[in-house]
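Peer 1: Please see the structure below; I have some questions.
The values are calculated or read from the model by the stated rules, or taken from the named source; none is laboratory data. In this text the structure is predicted, and so the values were computed from the model without any measurement. Cβ placement follows ideal geometry from the backbone for every residue including glycine, while neighbour counts extend to all protein chains displayed. Ligands, DNA and RNA are excluded from the accessible area calculation, which covers all protein heavy atoms including side chains. Shrake-Rupley method; radii C 1.70, N 1.55, O 1.52, S 1.80 Å.
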Amino acid sequence: MRMSRNSPGWLNLMYVPVLLLFSLFIYYPFIQGIRVSFTNWDGFNANYSWIGLDNYVRMLHDKNIGTVIRNTLIYGAGSTFFQNAIGLMYALLLNQSIRTRGLTRTIVYLPAIVSPLIMGYIWYFFFQYRGGALNDIVLLFADKPINLLANPNANVWIIMAVNTFQFVGVAMIIFLAGLQSISKDYYEASSIDGAGPVSKFFNVTLPLLAPSITINIVLNLIGGLKLFDVIIALTKGGPGYASQSLSTLMYKTYFGAQDAGYAAALGNLMFLMIAIISVAALLFLRRKEIQS
């Protein structure tokens, strides 16, 4: 029997190429990563042994893992907070009838189309100790330059700020789309009820922006928790482990220490962190959307 092109069976067949590609490039490497985490493979040698949970036990006793997890959470939560707060302010401002709003939107969004690695190097030349633009200014007022990228109390926050700067335009665009979908009837009705600008923002704008807030927070959390390029460009995770994230430590462990088994265990920990945090945030925000 010949299958009609509009039949459900034919349409389901259209999924097959995508499922094959996902299986080849996503599911198979993921399963292999889990398998490798139970071995002592160095990433190159054909011979390796099954060592059970040793890599995970080693992770529990790793004195640097606490710092790395803390940094990863700062990159994820900090970037999410500032990207959403600043992105919302930009969206509210650029949703008004101002003459240069098209140009300003373009300027704010422009960093998002630059490679994160290139963006990191651009800011590296600004913050670098010798010959950096920041220190050229500092030396006008002080005797010694400052080395912020080598300061463990500052470099994590600089990396988080650079990531926020680069992707705040994406948050702004999503908020702008949400703002422009809100009917003016709601604002006219609230004006008749005597609501002011602040009351309209908290009782009309924010509740109706809930889907945009959910999308932004989940995307920003995932992007911040797996941050890699900017860290490599600015500090390479140093000094020591001061600015390492799970993704950069995984890279360093695999290619630097040639310890693919432990790197795979770190990758699985990062996957679990991202999955648990993003799914929990998504479920919480979806519930809030329904309540609002």
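Peer 1: For a protection proxy built on the mean count of beta-carbon atoms within 10 angstrom, sort 22-31, 237-246 highest first, please.
Peer 2: Values: 22-31: 11.1, 237-246: 20.9.
Result, highest mean Cβ count within 10 Å first: 237-246, 22-31.
Peer 1: Using Cα pairs closer than 8 Å and at least 6 residues apart in sequence, work out the relative contact order for the chain, in percent. List each step's numbers first, then the result.
Peer 2: Working: 349 pairs, mean separation 84.4, N = 292.
Once normalised by length, the contact order is 29 percent.
Peer 1: Report, in deg cm²/dmol and to the nearest 500, the calculated mean residue ellipticity at 222 nm for the chain, where each DSSP H run with n ≥ 4 adds -39500 (n - 2.57) and the sum is divided by the residue count.
Peer 2: Working: 16 runs with 181 residues, N = 292.
Computed ellipticity for the chain at 222 nm equals -19000 deg cm²/dmol.
Peer 1: Using a/c under 1.5 as the rounded threshold, could you call the range 95-216 rounded, prolate or oblate? The axes a ≥ b ≥ c are square roots of the C-alpha gyration tensor eigenvalues, and prolate needs a/b larger than b/c, oblate otherwise. Intermediate values should be presented prior to the final figure.
Peer 2: Details: a/c = 2.81, a/b = 2.54, b/c = 1.11.
Note, shape of the range 95-216 comes out prolate.
Peer 1: Counting Lys +1, Arg +1, Asp -1, Glu -1, what net charge surrounds Leu282 among other residues with beta carbon under 13 Å of its beta carbon? List each step's numbers first, then the result.
Peer 2: Numbers: positive: Arg286, Arg287, Lys288; negative: Glu289.
Local charge sum for Leu282: +2.
Peer 1: Working out 0.36 nm times the residue gap between Thr106 and Ile276, then minus their Cα-Cα distance, what length gain in nm do you get to one decimal?
Peer 2: Values: separation 170, 0.36 × 170 = 61.20 nm, distance 3.43 nm.
Length gained, Thr106 through Ile276: 57.8 nm.
Peer 1: Please compute the per residue accessible area over the chain with all protein chains in place, 1.4 Å probe, rounded to a whole number of Å².
Peer 2: Values: 17500 Å² over 292 residues.
On a per-residue basis, 60 Å².
Peer 1: Oh, and also: At Arg130 and Leu283, where each label point lies 7 Å from the Cα along Cα→Cβ, what is the point-to-point distance in nanometres?
Peer 2: With each label point 7 Å from Cα toward Cβ, the separation is 5.3 nm.
Peer 1: Which net charge results when you count Lys and Arg as +1 and Asp and Glu as -1 among the other residues whose beta-carbon is under 14 Å from that of Leu249?
Peer 2: Details: positive: Arg58, Lys63, Arg70, Lys226, Lys236, Lys252; negative: Asp62, Asp259.
Charge balance near Leu249 sits at +4.
Peer 1: Between Phe202 and Tyr187, what is 0.36 nm times their sequence separation minus the Cα-Cα distance? Round to one decimal in nm.
Peer 2: Numbers: separation 15, 0.36 × 15 = 5.40 nm, distance 1.18 nm.
Gain in length upon complete extension: 4.2 nm.
Peer 1: Calculate what fraction, in whole %, of the accessible area of the chain sits on carbon and sulfur atoms when a 1.4 Å probe is rolled over the protein chains. Before the final figure, lay out the partial values.
Peer 2: Numbers: 11840 of 17500 Å².
That share works out to 68 percent.
Peer 1: Under 18 Å Cα to Cα from Lys252, which lysines show up? Leave out anything in the same chain fewer than 8 places away.
Peer 2: Lys252 reaches Lys63, Lys226, Lys236.
Peer 1: For the range 1-61 and the range 225-240, what is the separation of their C-alpha centers, rounded to whole Å?
Peer 2: Centre-to-centre (Cα) distance: 27 Å.
Peer 1: Which lysines, on any chain, are close to Lys184 with Cα under 26 Å apart, when same-chain ones fewer than 8 places away are left out?
Peer 2: List returned: Lys200, Lys288.
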